[in-house]
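The values are calculated or read from the model by the stated rules, or taken from the named source; none is laboratory data. The shown structure was predicted, so the numbers you read here are calculated from the model rather than taken from an experiment. Cβ sites come from the backbone with ideal geometry, for glycine too, and all protein chains shown count toward neighbours.
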Amino acid sequence: MQKNKKVSSRITGADIARFKMRNGLSDSRMGDLFGLSPGKITSIMSSGSAPVADPVCCYLYRQYTENPHLVEKDIDMSDFYEQIGGKDVISGADFALTLGRELSAYVRYFSGGKPTQSLRTMIGNAVKLSNGDYAEAFETIKELFRKEVIARGYSPLETRKWGKGT
């Protein structure tokens, strides 16, 4: 090895903290992404300029920064709704029912409330499967809805609720 060859910079706790902020992630979500408890990831981020000791944590950081599509961001339901065409495509109430939630859930979604983790994961998966195309992602969700309607034998869009015939 050459003596004057510059070695790549080590990843620090501050790098991990900036990654969290840049992607708008919670400590819990960071823990999930890095396979660490929220307490451990918080400890790493608070270490500032100290190098991260765990090589796998560094590997993951490099994977996520080199391949941002691997980082599933929290779904902003208002943005998702607008990206699929909003009320020109589907009413807010029908949107909530199609997503497998109660009729009134759209009120929470559009006033800043977050959907459940399972719903965020399902929408995130649909977005990934459609290469980031929200309209296409919603089409895949509507197909899941159609399959569930057939399996349950009723349509929540007609009954205006989930639960009948379960």
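Look at Glu82 and say whether it is without any contact (Cβ under 8 Å) to a residue 24 or more places away in the chain, surrounded by fewer than 18 Cβ atoms within 10 Å (Cβ to Cβ) and under 17 Å from Arg10 (Cα atoms).
no
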Condition met for Asp88 (surrounded by fewer than 19 Cβ atoms within 10 Å (Cβ to Cβ), of a type in the set (D, E, K, R) and assigned by TED's automatic domain parsing to the domain that holds Arg120)
yes
Those residues that are over 23 Å from Thr121 (Cα atoms), among the hydrophobic types (A, V, I, L, M, F, W, C) and either surrounded by 12 or more Cβ atoms within 10 Å (Cβ to Cβ) or free of Cβ contacts under 8 Å to residues at least 12 places away in the same chain (or both), I need them from region 18-70; list them, please.
Ile44, Met45, Ala50, Val52, Ala53, Cys58
Of all residues in region 76-101, count the ones that are among the aliphatic types (A, V, I, L, M) and outside any helix (DSSP H, G or I).
4
